[in-house]
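The values are calculated or read from the model by the stated rules, or taken from the named source; none is laboratory data. This one's a predicted model, so the numbers in the text were calculated from it and none came from an experiment. Heads up, the Cβs are rebuilt from the backbone with ideal geometry, glycines too, and the neighbour counts pull from every protein chain shown. Ligands, DNA and RNA are stripped out before the accessible areas are found, and what is left, the full protein with its side chains, is counted by its heavy atoms. Shrake-Rupley method; radii C 1.70, N 1.55, O 1.52, S 1.80 Å.
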Amino acid sequence: LFRSEVIRSHGLNRDDCLGRSSDVHDLRGADFQNANLAGANLSKADLSQRPLEKRTLSTNFESANLKKTNLSDAKLNGANFLNAFLRDTNLEGADLTGASFSSANLKGANLKGAKMEGAKLEGAKLCNTVMPDGSVNDSGC
C-alpha cells in the first residue's frame, strides 16, 4: 500500500482508497511510485500531472476502480491495470509504455496521444474507446 503520509497530505484515510470512496479527490502530484493500489477505489480522482511535474507511476492498479479518473499526462510506464475498471477514464497523453491492461474495462476511455509501446491489451474491453491515434475502437461493444 502507499505511504500513509501521502494519504494524509491529501485529506484521505486508508478506507477512502481501499473500498468505498465516493467523493472526488484532487490527488494531483501525489507520489504513488511503486504503490500497490490493488482493489483501490479511486473513481473520479484527479491523478493528472502538470507537464513539468510528471512522475513515474510503476504502480499496481490491479482490479482498482478508476472510473472517470483523470490520468492525463501521467507517466504510467510498466503499470499493472489487470482487471481494472477504467470506464470513461482520461489517459490522454499518458506514458503507458509496457503497461498491462489485460482484461481491463476501457469502455469510453480516452487514450488519445498516449504512448502505448509494448502495452498489453489482451482481453481488454474496448467500446467507444479513443485510441492513441484518435480513432474510436468499438470492437468490444
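For the stretch 54-78, which positions are β-branched (V, I, T) and open to solvent by 10 Å² or more (accessible area, probe 1.4 Å)?
Correct list: T56 only.
Residues of the stretch 79-107 being under 16 Å from T69 (Cα atoms), open to solvent by 10 Å² or more (accessible area, probe 1.4 Å), touching a strand residue (DSSP E or B) at 6+ places or on another chain (Cβ under 7 Å) and in a loop (DSSP other than H, G, I, E, B), which ones?
R87, E92, K107
So which pairs qualify, if the first residue must be in the stretch 73-89 and at pLDDT below 90 and among the basic types (K, R), the second must be open to solvent by less than 50 Å² (accessible area, probe 1.4 Å) and in a loop (DSSP other than H, G, I, E, B), the Cβ gap must be under 7 Å, and the two must be at least 6 apart or on different chains?
K75/L57
Does G134 fit the bill of being assigned to a loop (DSSP other than H, G, I, E, B), open to solvent by less than 50 Å² (accessible area, probe 1.4 Å) and modelled with pLDDT under 95?
Answer is no for this residue.
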